[in-house]
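Comments concern the structure below.
The values are calculated or read from the model by the stated rules, or taken from the named source; none is laboratory data. Not measured: the values here are computed from a predicted model. Backbone-built Cβ (ideal geometry, glycine too); neighbour counts: all protein chains shown. Accessible surface areas use protein heavy atoms only, side chains included; no ligands, DNA or RNA. Shrake-Rupley method; radii C 1.70, N 1.55, O 1.52, S 1.80 Å.
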Amino acid sequence: MAEVSHTALTQVPGGTYDLIVLANRLPVDHAVDENGRPCRRRSPGGLVTALHPIMKRRSGAWIGWHGRPGPAPAPFVHDGIHLHPIALTGDEVDGYYEGQSNGTIWPLYHDAVEQPQFHRVWQDRYRAVNRRFAEAAARVAAPGALVWVHDYHLQLVPGMLRELRPDLRIGFFLHIPFPPVELFCQMPMREEIMRGLLGADLVGFQHPQATRNFRTLAADLLGAKVTDRGIWYDGRDVAADTFPISIDVAEQQRLALDPAVRARAAEIRRELGDPRTIVLAVDRLDYTKGIECRLRAYEELLSERRLDPAQTVLVQVAVPTRQQIDQYQALRERVERAVSRINGEYAGIGRLSVHYVHQSFDRAELAALYLAADVMAVTPLRDGMNLVAKEYVATRTDGTGALVLSEFAGAAAELEEAWQVNPHDIDGLKDGIADAAEADVAEQRRRMDPMRAHLHAHDVNRWATGFMGRLDRLSRRWPRSAAA
Ligand code: ADP
Ligand code: G6P
């Protein structure tokens, strides 16, 4: 069951903030529960997973969309965070969110694994909505406030906000990959997007390759002067650097040690028929996640009896996402066909080979699944980071468990001891899954221990303080008057 909340809605008093986060989505969506009562439900995706615990600890405001077309609710408080909803019309949801953000930029920035679509009306709506976000931030930012803009939906905001409020310190963080020159240059708004991003004082990426791509594009497209110190453009210095995002490791560990969660993990194993091997996959149902390659590899492993069909279960949790977009609907049909084909071939009465769940879960249930799984298969074709991989590692407090991880996930740069695979190479992927399934406890711990140690030293708090601390230092080095 997804996390829902019915706590009373407290209105935000008027005033301004020293810290503001801007992201397309608020951390909670307005929704209706199974009894038809209005409620708030945690928004999907890694951005919210990472930023929510950070913002709970600091007093600040979060500006974002509440998840439905139509007028915005009044600002309200949730979990101690002041939420300022932004209204989007139905046309804007089509053009800005489903269109330019998720029909153009998302596929283009993920290696064009699906064909990006380019439409001028989408671009116009993207501009209009970015301006609305910039104006909303300009209204509630205290003098000299720190404004942190997030992700590909809002790439024009830093430039727009700087024009409105040159006194602000502006950071931008991209949660997804930033593509190489050849791909980025397909974008009709390419110079405009680069100028938008360069409106920030600090631009952060998940992976050093993304940072390099950005620096190259700043020089090639805009003629910016790129040095070791930063990017000199339009009379200002802009810093670009790598800040790999992470999870709240302590909270994940707390869940993992909770007796109720451990009991639920044991119960899940029993419900699945106590098989020898449980393989788990948890993704938004997105074409970047490599779900089809994974199913293909699993099917062949069963067919070749490298995995025993009577003793192996794959649990595929596929979180509903972007369901109005054709490419996502087509993916869902293909995945569901593959699941039923595998079950038709290898399941028995009362025993499934693939448990496919197209639902959101609360965090305790997810943690129980991580604890129940012998092998975690994270096989994206391209992913900015992939927090699911980090959550699995953080949950395995006794060092058991086996992570199969695509080398095209940002997390692969940090979780080096995982069974790393190329998801396009089905034979290699099969070997990775089979080896992970066969590993003994000593081998599991040999790999898991260093990954766990890495995560303890690099949790989400370190990510946030690293970014904000850098932004703070830069603005002291480059006084506001120079930018204004
Ligand atoms: P993305 O941001 O592309 O969705 P990530 O792996 O970085 O991918 O982040 C996904 C986040 O969504 C993780 O924090 C994960 O725990 C959460 N999540 C994944 N599946 C579910 C689910 N079925 N229900 C609720 N949350 C989920
Ligand atoms: C990724 C993106 C986030 C986005 C999330 C969920 O993590 O980087 O910006 O919020 O997916 O997608 P959605 O379209 O539902 O917001």
Q | Given 10 as the ceiling on other Cβ atoms within 10 Å, longest exposed-site-free region of the chain for GluC sites (Glu not before Pro) in DSSP loops | A | 35-303
Q) Once label points are set 7 Å from the Cα along Cα→Cβ at both Arg473 and Ala138, what is their separation, rounded to one decimal in nm? A) 3.2
Q. So which trypsin sites (Lys or Arg not before Pro) in segment 242-346 end up in coil per DSSP with only 12 or fewer other C-beta atoms within 10 Å?
A. Arg276, Arg305
Q | For Ser360, solvent-accessible area (1.4 Å; no DNA, RNA or ligand), Å² | A | 50
Q. Quick one: accessible area per residue over segment 115-207, 1.4 Å probe, rounded to a whole number of Å²?
A. 33
Q: At 0.36 nm per residue, minus the direct Cα-Cα distance, what do Asn343 and Ala112 gain on full extension? Give it in nm, one decimal, please.
A: 80.1 nm
Q.
From the Cα trace of the chain, what convex hull volume per residue do you get, rounded to a whole Å³?
A. 139
Q: Using a 1.4 angstrom probe, figure out how much accessible area segment 277-373 has per residue, in square angstrom, rounded to the nearest whole.
A: 39
Q) Long-range amide H contacts for Leu198: which residues qualify at under 5 Å (H placed 1.01 Å from N, peptide plane, sequence gap of 5 or more or a different chain)? A) none
Q: Could you check how much of the accessible area of segment 144-183 is carbon and sulfur, as a whole percent, using a 1.4 Å probe?
A: 63
Q: Among Ile176, Ala134, Phe118, pick out the residue whose Cα is farthest towards the positive end of the charge dipole of segment 33-183, where Lys and Arg carry +1 and Asp and Glu carry -1 on C-beta, about the Cα centre.
A: Ala134
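Pull up the DSSP beta bridges for the chain and report the antiparallel fraction as a percent, rounded to 5.
The antiparallel fraction comes to roughly 30 percent.
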(Q) Whole angstrom only: what separates the Cα centroid of segment 116-158 from the Cα centroid of segment 220-274? (A) 23
Q: Mind putting together the pair-distance distribution for segment 1-141? All Cα pairs, 5 Å bins, whole percent per bin, short to long.
A: 2, 9, 17, 21, 19, 16, 10, 5, 1, 0
Q) Once you charge only the Cβ atoms, +1 for Lys and Arg and -1 for Asp and Glu, what is the size of the charge dipole of the chain about its Cα centre, to the nearest 20 debye? A) 1480
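Once the piece of chain linking Thr242 and Asp33 is laid out straight, how much longer is it, given 0.36 nm per residue of separation minus the C-alpha distance between them?
Value of the extension gain: 71.3 nm.
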Q. How large, in percent, is the carbon and sulfur part of the accessible surface of segment 368-466 at a probe radius of 1.4 Å?
A. 43
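Sorted by accessible area (1.4 Å probe), largest first, how do Cys185, Cys39 line up?
Working: Cys185 40, Cys39 5 Å².
From most exposed to least exposed: Cys185, Cys39.
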Q) Can you list the lysines whose alpha carbon sits under 26 Å from that of Lys56, skipping same-chain ones fewer than 8 residues off? A) Lys390
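Any chance you could run the full-extension gain for Leu164 through Glu304? It's 0.36 nm times the residue separation minus the Cα-Cα distance, nm to one decimal.
Working: separation 140, 0.36 × 140 = 50.40 nm, distance 6.29 nm.
Full extension of this stretch gives 44.1 nm more.
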